[in-house]
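Every number in this text was worked out from the coordinates using simple rules, so none of it is lab data. Since we're looking at a predicted model, the values are computed, not measured. Cβ placement follows ideal geometry from the backbone for every residue including glycine, while neighbour counts extend to all protein chains displayed.
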Amino acid sequence: MTFTLFLPVDFDDYAWEVELKGCFDNVFVDFGNGKYQLSFYDPVRLNQEIQDSFDLGMTFFTEHIVVVKRVNRAVIEETVKGLYEARRLRGG
């Protein structure tokens, strides 16, 4: 089985902004049986999101979180491939 990674067509137009922001949740992977959404965070941004939720008295919840050092195209592609090859990503 293989997979297909989908990023927005215009991703490279604002990739610099994604990397500065430290998060991106518009990543989809298709394993041949449907698309699954992944949310990529760098550790700093993830910590901020968690703390913001706690400060508001809420629980932080996001499905399919992937934490990486930097959020950019190369890291996203490399990470999805590595997770897939290590059998850590599979479609339902």
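Tabulated data
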{"read-out": "Per-residue Cβ neighbour rank within 10 angstrom, fewest leading, Val67, Val80, Val9", "value": "Val9, Val67, Val80"}
{"read-out": "Where trypsin sites (Lys or Arg not before Pro) fall in DSSP loop in the stretch 1-70, at most 16 other Cβ within 10 Å", "value": "Lys69, Arg70"}
{"read-out": "Loop GluC sites (Glu not before Pro), the stretch 14-92, which have at most 10 other Cβ atoms in a 10 Å radius of their Cβ (DSSP)", "value": "Glu63"}
{"read-out": "Antiparallel DSSP beta bridges within the chain, percent to nearest 5", "value": "75"}
{"read-out": "Residue-averaged 222 nm ellipticity for the chain, from DSSP H runs of 4+ at -39500 (n - 2.57), nearest 500", "value": "-12500 deg cm²/dmol"}
{"read-out": "Length released on extending from Gln51 to Glu77, taking residue separation times 0.36 nm less the Cα-Cα span", "value": "6.6 nm"}
{"read-out": "Within-11-Å neighbourhood charge of Thr62 [Cβ basis; K, R +1; D, E -1]", "value": "-3"}
{"read-out": "Kirkwood Rh (inverse of mean 1/r, distinct Cα pairs), the chain, angstrom", "value": "14.0"}
{"read-out": "Length gained when the stretch Thr2-Val67 is fully extended (0.36 nm per residue, less Cα-Cα span)", "value": "21.2 nm"}
{"read-out": "Placed amide H near Val66: partners under 5 Å, 5+ positions off or other chain", "value": "Ser39, Phe40, Tyr41"}
{"read-out": "Karplus-derived HN-Hα couplings along the stretch 68-77 (A = 6.51, B = -1.76, C = 1.60, θ = phi - 60°), whole Hz, x at Gly and Pro", "value": "10, 5, 9, 9, 8, 4, 4, 5, 4, 4"}
{"read-out": "Value of relative contact order over the stretch 4-85, rounded to a whole percent, pairs C-alpha under 8 Å and six or more apart", "value": "30"}
{"read-out": "Residues Thr2, Thr79, sorted so that the one with the fewest Cβ neighbours within 10 Å comes first", "value": "Thr2, Thr79"}
{"read-out": "Under Karplus coefficients 6.51, -1.76 and 1.60, residue-wise ³J(HN,Hα) of the stretch 45-61 in Hz, glycine/proline x", "value": "5, 4, 4, 4, 4, 5, 5, 4, 5, 4, 4, 8, x, 10, 9, 7, 8"}
